[in-house]
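> Got a structure for you, written out below as structure tokens; questions coming shortly.
The values are calculated or read from the model by the stated rules, or taken from the named source; none is laboratory data. As the structure is a prediction and not an experimental result, all values here were calculated from the model. Please note: Cβ atoms are built from the backbone with ideal geometry, for glycine as well, and neighbour counts cover all protein chains shown. Just so you know, the surface numbers come from the protein's heavy atoms only, side chains and all, with ligands and any DNA or RNA stripped out. Shrake-Rupley method; radii C 1.70, N 1.55, O 1.52, S 1.80 Å.
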Amino acid sequence: MEKFLKLAYLLLCTLYCASAYKVRTEKEIENRENMLKHIDTFVDLFISEYTNFTRTGIQTPALEGMLRMMQIPKEFATNEVSDMDADAALMTCVACRTTFALMLNQYRTGQRDREQLTQDSIALCLQLTTYSIIVCEGAIRKHVDIVLFIVDSRPSLTANQMCSIVFQPECGDPDPVFDFTINVSPGQPITGPKTVFTPRNSNEMKILHFTDIHHDPNYLVGGFANCGDPICCRRANGLAPNPEDRAGQWGDYRSCGSPWQAVEDTLRSANAAHPDADMVYVTGDYVDHATAWSHWLPASTRATILRGGYYTTLSPDSRLRIVALNNNDCYNGNFWMMYSTDQIAEQLQWFHDTLLAAERAGELVHVVTHMSTSGSSCSRWWSREYRRVIERFHRIIGGQFFGHSHQDEFIIYYARDQHRIPVNVGWLGGATTPSSGTSPNYNVYHVDRVHFQVNEKESWSYNLNEANMNPATSPVWQRLYRFTEHFNIPNTSPATLDNFVSNILSRSRQMLTDYYGFRQSNSPFILARGCDDNCLRNNLCRITNNEVNDQRKCDEIRSFPLV
């Protein structure tokens, strides 16, 4: 018991003594490293206590205390770990390492069979989260056979390795056993920032960008919007008796997917407002994840779609090649990443080879995929290799288009060995769903036909609270802002955007406040929380980080005084 109390003090001090900033302070990092040094002792004690509990049915005070400490916040299921407060991220790491170590120990020693492990995991899920039995049992039974297959295939796999992938970097760096590299051909040396741009003109291409629709077929208008599950407003929970808890007609800011009428309205409104659009990019997270959409594409794309969900095709303008990647291969919630890196490397090698062929053919390229490499959802090794490819072919890549974050934002890619030199830009489209608290939105890009770079970006959105106050009337979509117009910048080349971020945005409290609001599509639900200077500066790191654990550019500019 004395040993438990010492460990409890260490972990609770880490939990309550750390500052809750998204960009980790030196003190928070020190606390995390200290916790990781001692966690094996904590894990051993937990395994002993829990094994005794499965034999006797009696929870000791020590076990009860450890379970209380390891409570997992609701936002774990919907937020990137880098967007969670340091204390919540740390405790989620503790829970991961402890529970996976327990299950591996009991499975490999033959103490528990598959069904017993499943039942134990469901029970722990119910104890450590606010989730319902439907969520806990559904998620665990969906993944148990995958996890056990991987564990059987990799006898040396440890809980530390598993959690370092899922919660990088909050649970330690991913083990090099999962590292891989691809062959990148030599290119011209980088001698300066990418500065090319084409002045605005009447011959621009217009591209609409929809992402993260998250249609929920089980959405119930009037359902519980304040539930303990990752996704609320669902039929299974019935109607909410309290009017304040009821899901709105057009969606809800409180962790809810999108009702079908909201999805239809988005597309109908965008079509009416932009009948002259040349192309539409959709960057994932709708509902169906099969390859059923392949009939919209040329037959030549079918082989790679069936192989791994990625493809390439020429746009109607035959000089622009679209390369669509399936970067579920880098997603830290994908357990198959722990099985083998062969197919992961295969897609990125195909990506490189496709760009090499495009370069030789004189084509320019747009890259379309779901996750950017600016957050913690994409694995360290994948983000590094992807960045190597972007750097090698930055001259022919007119733009990258992402979703996943639910934030309307952009990121600047810098040369890996010369982190002050900007070479490319990625655009994140926000989200049609309000499930992360952001207002529904879509983006419109005005793209030049010379370099196929974005000349101007518009964001269109509506206020969900106002829409739900008038449920019989369609939401009022409005242009929220024009990027270059609002921030008064001459163009959106990588060089210009870097100058804007490094020398203007990083020093202006008002501009950072505006940018923070635009990232949320001016959601009153999020803006009501407020955002202090440290919160505002975190936006700079979202813009300048494009490889896991590389914060060099961020560290240089986030310390400037705001005026």
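> Using only C-alpha atoms and all pairs of different ones, pull out the Kirkwood radius for segment 211-352 in Å with one decimal.
18.1
> Show me, for segment 116-131, the HN-Hα J-couplings you get by feeding each phi into the Karplus relation (A = 6.51, B = -1.76, C = 1.60, θ = phi - 60°), rounded to Hz, glycine and proline as x.
After applying 6.51 cos²θ - 1.76 cosθ + 1.60, I find 5, 4, 4, 5, 4, 5, 4, 4, 5, 4, 5, 7, 9, 10, 9, 6 Hz.
> With the contact rule set at Cα under 8 Å and sequence spacing of 6 or more, what percent relative contact order holds for the chain? Could you put the intermediate results ahead of the total?
Numbers: 1028 pairs, mean separation 80.0, N = 563.
With pairs under 8 Å counted, the relative contact order is 14 percent.
> For segment 242-290, treating each Cα as an identical point scatterer without solvent, what Debye log10 I(q)/I(0) comes out at q = 0.17, 0.30 1/Å?
Calculated log10 I(q)/I(0) at the listed q: -0.70, -1.17.
> Which value in deg cm²/dmol, rounded to the nearest 500, describes the helix-derived mean residue ellipticity at 222 nm for the chain, given -39,500 (n - 2.57) per DSSP H run of n ≥ 4 and division by the residue count?
On the way: 18 runs with 230 residues, N = 563.
Computed mean residue ellipticity for the chain: -13000 deg cm²/dmol.
> Return a whole-number percent for the relative contact order of segment 201-303, with Cα pairs under 8 Å and 6 or more residues apart as the contact set.
Answer for segment 201-303 is 35 percent.
> Report the dimensions of segment 459-510 along its three principal axes from the alpha-carbon atoms, largest first, rounded to Å.
47, 22, 14
> Next up: For segment 487-501, just list the computed ³J(HN,Hα) in residue order, Karplus coefficients 6.51, -1.76 and 1.60, θ = phi - 60°, integers in Hz, with x standing in for Gly and Pro.
Along segment 487-501, the couplings run 8, 6, 10, x, 6, 10, 5, x, 5, 5, 5, 5, 4, 4, 6 Hz.
> Shifting gears a bit: Enter the angle in degrees (range 0 to 90, nearest 10) between the Cα long axis of helix 380-392 and the first principal axis of the Cα atoms of the chain, meaning the one along which they spread out most.
Relative to the chain, helix 380-392 is tipped by roughly 10 degrees.
> Give the calculated FRET efficiency between SER48 and ASP113 to the nearest 0.05, with a Förster radius of 22 Å applied to their Cβ-Cβ distance.
On the way: r = 21 Å, r/R0 = 0.94.
After rounding, the FRET efficiency stands at 0.60.
> For segment 176-225, give the percent of accessible area contributed by carbon and sulfur heavy atoms, probe 1.4 Å, rounded to a whole number.
Details: 1440 of 2520 Å².
C and S atoms contribute 57 percent here.
> How much net charge surrounds GLN347 when only other residues with a Cβ under 13 Å from its Cβ are counted (Lys, Arg +1; Asp, Glu -1)? Working shown, then result.
On the way: positive: ARG307; negative: ASP329, ASP342, GLU346, ASP353, GLU385.
After counting each charged neighbour, the total is -4.
> Additional query: For segment 404-445 and segment 122-201, what is the separation of their Cα centres, given in Å?
20
> What do you get for the angle between helix 509-519 and the principal long axis of the chain? Use alpha-carbon atoms, 0 to 90 degrees, nearest ten.
That helix lies at roughly 80 degrees to the long axis.
> Quick check: residue separation of PHE149 and ARG449 times 0.36 nm, minus the Cα distance between them. What number comes out in nm?
The span from PHE149 to ARG449 would gain 103.1 nm if fully extended.
> Further question: Based on a Kirkwood Rh over C-alpha pairs, give the Stokes-Einstein translational diffusion coefficient of segment 32-146 at 37 °C and viscosity 0.692 mPa s in µm²/s.
Working: Rh = 14.9 Å.
This corresponds to a translational diffusion coefficient of 221 µm²/s.
> Using mean Cβ contacts within 10 Å as the protection proxy, how do 519-529, 209-219 order, highest first?
The packing order, highest mean first, is 209-219, 519-529.
> Using the heavy atoms of the protein chains and a 1.4 angstrom probe, tell me the accessible area per residue for segment 370-487 in square angstrom. Please report the intermediate quantities before stating the final value.
Working: 3170 Å² over 118 residues.
Spelled out: the 1.4 Å probe surface of segment 370-487, per residue, equals 27 Å².
> With the crude spin-label approximation of a point 7 Å out along Cα→Cβ, what separation in nm comes out for LEU527 versus ALA123?
For LEU527 paired with ALA123, the spin-label model returns 4.9 nm.
> Using modelled amide H (1.01 Å from N, peptide plane; none on Pro or chain starts), what sits under 5 Å from the amide H of SER258, excluding residues fewer than 5 places away?
So SER258 has HN proximity to HIS215, ASP216.
> What's the ranking of 28-37, 451-460 by average number of surrounding C-beta atoms within 10 Å, highest first?
On the way: 28-37: 16.6, 451-460: 21.6.
Those peptides, ordered most packed to least, come out 451-460, 28-37.
> Of the heavy-atom accessible surface of segment 93-158 (probe 1.4 angstrom), what whole percent is carbon and sulfur?
Accessible surface attributable to carbon and sulfur in segment 93-158 totals 60 percent.
> Starting from segment 346-440, pick out the chymotrypsin sites (Phe, Trp or Tyr not before Pro) whose DSSP state is loop and whose Cβ has at most 10 other Cβ atoms within 10 Å. Don't skip to the end; give the middle numbers.
Numbers: sites: TRP350, PHE351, TRP381, TRP382, TYR386, PHE393, PHE401, PHE402, PHE410, TYR413, TYR414, TRP427; in loops: PHE393.
Qualifying residues, ordered by number: none.
> Could you size up the charge dipole of the chain around its Cα centre, putting +1 on the beta carbon of Lys and Arg and -1 on that of Asp and Glu, and report it in debye to the nearest 20?
Values: 51 positive and 62 negative charges, 109 e Å.
Dipole magnitude for the chain comes out near 520 debye.
> Okay, next question. Within the chain, how many lysine pairs that are 8 or more places apart, or on different chains, have C-alpha atoms less than 26 Å apart?
16
> Given a 1.4 Å probe, how much area per residue of segment 216-360 is accessible, in Å²? Before the final figure, lay out each step's value.
Details: 7060 Å² over 145 residues.
Accessible area per residue, segment 216-360: 49 Å².
> Between ARG507 and ASP317, what is the spin-label point distance in nm, taking each point 7 Å from the Cα along the Cα→C-beta axis?
3.5
> Tell me the relative contact order for segment 20-135 as a rounded percent, counting alpha carbon contacts under 8 Å between residues six or more apart. Each step should come with its number before you reach the end.
Numbers: 78 pairs, mean separation 36.2, N = 116.
Rounded, it is 31 percent for segment 20-135.
> In addition: Provide the per-residue ³J(HN,Hα) series for segment 270-282, in order, calculated from phi with Karplus coefficients 6.51, -1.76, 1.60 and θ = phi - 60°, each as a whole number of Hz, with x at glycine and proline positions.
Coupling constants for segment 270-282: 5, 5, 5, 7, 9, x, 9, 4, 8, 8, 10, 9, 10 Hz.
> Report the net charge of residues surrounding ARG416, where surrounding means a beta-carbon distance below 13 angstrom and charges are Lys +1, Arg +1, Asp -1, Glu -1. Present the calculation step by step, with values, prior to reporting the outcome.
Details: positive: ARG384, ARG387, ARG388, ARG392, ARG420, ARG552, LYS553; negative: GLU385, GLU391, ASP417, GLU547, ASP550.
Result for the local shell: +2.
> Roll a 1.4 Å probe over the protein chains and send me the accessible area per residue for segment 493-555 in Å². Please list the in-between numbers first.
Numbers: 2220 Å² over 63 residues.
For segment 493-555, the per-residue accessible area is 35 Å².
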